[in-house]
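The structure under discussion appears below in the form of structure tokens.
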Amino acid sequence: MFSLLLIAVVIAALTFDFINGFHDTANCIATSVSTRVMTPRVAIIMASTLNFVGALTSESVAKTISSGLINGALEQYVIIGALLAAIIWDLVTWYFGIPCSSSHALIGGLVGASIAYASSLDIILWSGVLEKVVIPLVSSPLIGFLIGFLIMRGLFRLLKPFSQRFVNKWFSKLQIFSAAFMSFSHGVNDAQKSMGIITLALVSAGLWDQSAGIPIWVKLACAVAMAFGTSIGGWKIIKTVGMNMIRMQPIGGFAAQTGAAIVIQAMTIFGAPVSTTHVITSSVMGVGASKRISAVRWALARNIVMTWIITIPITMILGAGFTLLFRMVIG
């Protein structure tokens with residue numbers, strides 16, 4: 001039977017998924033909008049549709065969240081504390097137009113809340129955190145930068161004989177496909193985090209067998225919430241990623257989106273809950289650097305990277321704080 005706290009977990013998880021959708025819309029469409037390949041309205045409709053489709057195609061990341069990070073069952077208020085930490089950090093960074101990681105905000109909140117609940121570090125499966133979170137956290141942006149750089153350099157050499165007009169004409173079309181690939185990839189990886197959180201809550205309540213995978217109603221609910229959030233559009237972050245970091249042309253947008261989507265798909269296969277924000281932003285940096293180092297506004301890039309670094313520690317503190325507060329209130 002669903003308790004009020006469990007219902008609150010589901011509502012909070014879907015709220016996080018919705019916020020993740022509009023916060024991370026920029027991941028999917030920023031470069032397409034900035035290069036004027038698609039209007040914002042068309043880009044958002046495409047992104048929300050493919051986010052929904054992508055969310056239903058895999059369970060690997062959701063299983064990592066639900067069973068690969070925490071050793072044992074949690075009280076429902078602990079999971080609510082973790083979700084509130086992630087939601088608050090997402091809203092703060094969205095307000096300032098900073099593309100932070102919703103994924104790592106959620107993981108930081110979950111780790112901090114769990115440690116506060118158990119008063120012990122042993123509740124965390126540190127090998128899982130290292131393999132599924134820390135290593136991908138560091139490696140995926142670096143790989144995204146490298147692949148964006150290499151794709152762009154390869155395209156420069158391949159298309160050198162052709163005029164700029166010819167290149168813009170064709171890549172204006174090709175960028176639509178790369179944006180679609182990126183939108184699908186975002187749904188495949190990001191929507192699964194909330195699926196994993198809800199499944200963790202169901203298992204902790206004794207209402208679901210972990211070996212049974214992710215309930216279909218959880219998949220559908222999270223897919224809808226993610227798609228609806230994406231349909232709202234995170235305009236501040238779209239401007240930061242697509243317009244303020246480098247001057248983007250269709251060929252650059254294609255390279256950045258394709259490189260980022262490849263990295264996200266590869267990480268999803270291994271069940272790694274990577275930051276799609278980190279990957280696309282670093283891929284955009286790689287594309288800019290392939291032209292010349294000064295093409296990237298490194299002062300802005302530095303501020304973004306600093307936000308990445310502090311996301312997990314801050315959300316750990318928030319998650320722990322909410323958990324201790326709820327424990328005092330609930331008794």
Next on the checklist: Looking only at the range 155-212, count every residue that is in a helix (DSSP H, G or I), without any contact (Cβ under 8 Å) to a residue 60 or more places away in the chain and acidic (D, E) and tell me the total.
Outcome noted: 0
Checklist entry - Applying the selection to the range 55-76, what residues are part of a loop (DSSP other than H, G, I, E, B) and either surrounded by 21 or more Cβ atoms within 10 Å (Cβ to Cβ) or not aliphatic (A, V, I, L, M) (or both)? => result T57, S58, E59, G68, L69, N71, G72, L74, E75
Item to check | From F2, F16, F96, residue being touching a Leu at 6+ places or on another chain (Cβ under 7 Å) and either under 18 Å from V274 (Cβ atoms) or at pLDDT below 90 (or both) | outcome: F16
Checklist entry - Here are some conditions: (1) in contact (Cβ under 8 Å) with a residue 40 or more places away in the chain; (2) in a loop (DSSP other than H, G, I, E, B). R36 meets all but one. Which one does it not meet? => result (1)
Checklist outcome for this item: For G144, the lone unmet condition from (1) within 17 Å of the chain's Cα centre (by Cα); (2) under 30 Å from I80 (Cα atoms); (3) outside any loop (DSSP other than H, G, I, E, B) is (2)
Next on the checklist: Cβ-Cβ distance below 9 Å, separation of 6 or more or different chains: which pairs start in the range 114-131 with a residue that is under 16 Å from A82 (Cα atoms) and surrounded by 11 or more Cβ atoms within 10 Å (Cβ to Cβ) and end on one that is at pLDDT below 95 and basic (K, R)?
Outcome noted: A116/R327; Y117/R327
Checklist entry - When you look at A8, is it buried (at least 23 other Cβ atoms within 10 Å of the Cβ) and in a helix (DSSP H, G or I), yes or no? => result no
Checklist entry - Quick check, is A266 among the aliphatic types (A, V, I, L, M), buried (at least 19 other Cβ atoms within 10 Å of the Cβ) and at pLDDT 85 or above? => result no
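Table: residues versus (1) more than 15 Å from the chain's Cα centre (by Cα); (2) within 17 Å of A191 (Cα to Cα); (3) surrounded by 22 or more Cβ atoms within 10 Å (Cβ to Cβ).
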| site | (1), (2), (3) |
| --- | --- |
| H23 | no, yes, yes |
| S34 | yes, no, yes |
| V78 | yes, no, yes |
| T93 | no, no, yes |
Checklist entry - Are any residues in the range 214-232 more than 18 Å from the chain's Cα centre (by Cα), among the β-branched types (V, I, T) and part of a helix (DSSP H, G or I), and if so, which ones? => result I216, V218
Checklist outcome for this item: For the range 261-277, pairs from a residue that is in a loop (DSSP other than H, G, I, E, B) to a residue that is among the charged types (D, E, K, R), with Cβ under 7 Å and 6 or more apart or across chains, are G271/K63; G271/K132; A272/K132; P273/K132; P273/K193
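Yes or no, residue by residue, for (1) among the aliphatic types (A, V, I, L, M); (2) at pLDDT 85 or above; (3) within 23 Å of L5 (Cβ to Cβ):
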position	(1), (2), (3)
M195	yes, yes, yes
L200	yes, yes, yes
I214	yes, yes, yes
A223	yes, yes, no
K239	no, no, no
I246	yes, no, no
A256	yes, yes, no
I262	yes, yes, no
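The values are calculated or read from the model by the stated rules, or taken from the named source; none is laboratory data. Predicted model, so just to flag it, every value in this text is computed and none were measured. Counting neighbours? That spans all protein chains shown, and the Cβs are built from the backbone with ideal geometry, glycine included.
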